[in-house]
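So the structure is just underneath, and the comments pick up after that.
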Amino acid sequence: QVELVESGGGLVQPGGSLSLSCAASGSMFTIYTMGWYRQAPGKQRELVATVTSDGSNKYADSVKGRFTISRENAKNRVLLQMNSLKSEDTAVYYCNADLYVIRTRTRGDYWGQGTQVTVSS
């Protein structure tokens, strides 16, 4: 069994910064891509940023230049630094990991429980 636990998030004023962290734990596994997605009220879940095991990053156009994703492979952790936040960044942010569980020999997508980010004055 694998669990993704997120931390960070909260309320911030426009132009401010927040950091999100997500760590994977549980059964022995190999993680391929980790990333962050978000879902605003009434909208579909969308990709924010991903990072592969070799450090290749991908960002949504709406966050390029403002958000930075990074990864600590030894800690099975992914971080998202969010700067110059806008009201339209308000959403529930979900951590995602594409990983292979060694014991069950299965690969799939795992999700965190979500953390609220609210950008408001």
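The values are calculated or read from the model by the stated rules, or taken from the named source; none is laboratory data. Quantities reported herein were computed from a predicted structural model and do not represent experimental measurements. Note that we place each Cβ from the backbone using ideal geometry, even for glycine, and neighbour counts take in every protein chain shown. Just the protein is used for accessible areas: all its heavy atoms, side chains included, with ligands, DNA and RNA removed. Shrake-Rupley method; radii C 1.70, N 1.55, O 1.52, S 1.80 Å.
So the values come out like this:
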item: Debye intensity ratio in log₁₀ form over the Cα atoms of the stretch 64-121, taken at each q of 0.17, 0.21 Å⁻¹; result: -0.72, -0.95
item: Simple Cβ-charge dipole of the chain, Lys/Arg +1 and Asp/Glu -1, about Cα centre, in debye nearest 20; result: 140
item: Gain upon complete extension [Thr52, Arg103; 0.36 nm per residue less C-alpha separation]; result: 16.1 nm
item: Burial ranking of peptide ranges 12-20, 28-36 (average Cβ count within 10 Å, highest at the top); result: 28-36, 12-20
item: Accessible-area composition of the stretch 4-66, carbon plus sulfur, in percent [1.4 Å probe]; result: 50
item: When the convex hull of its Cα atoms is projected in every direction, mean area for the stretch 25-95 (nm²); result: 5.3
item: Cα-centred dipole magnitude for the stretch 42-82, charges only on beta-carbon of K, R (+1) and D, E (-1), debye, nearest 20; result: 120
item: Selected from Ser17, Gly108, Leu85, residue furthest toward positive end of dipole (the chain; charges at beta carbon); result: Gly108
item: Spin-label zone in the stretch 89-111 - amide nitrogen under 13 Å from a point set 7 Å from the Cα of Met28 along the C-beta vector; result: 101-105
item: Mean Cα-pair separation over length for the chain, i.e. relative contact order, pairs under 8 Å, 6 or more apart, %; result: 36
item: Convex hull of the chain built on C-alpha atoms - directionally averaged projected area, nm²; result: 7.1
item: Solvent-accessible heavy-atom area per residue, rounded to whole Å², over the chain at 1.4 Å; result: 54
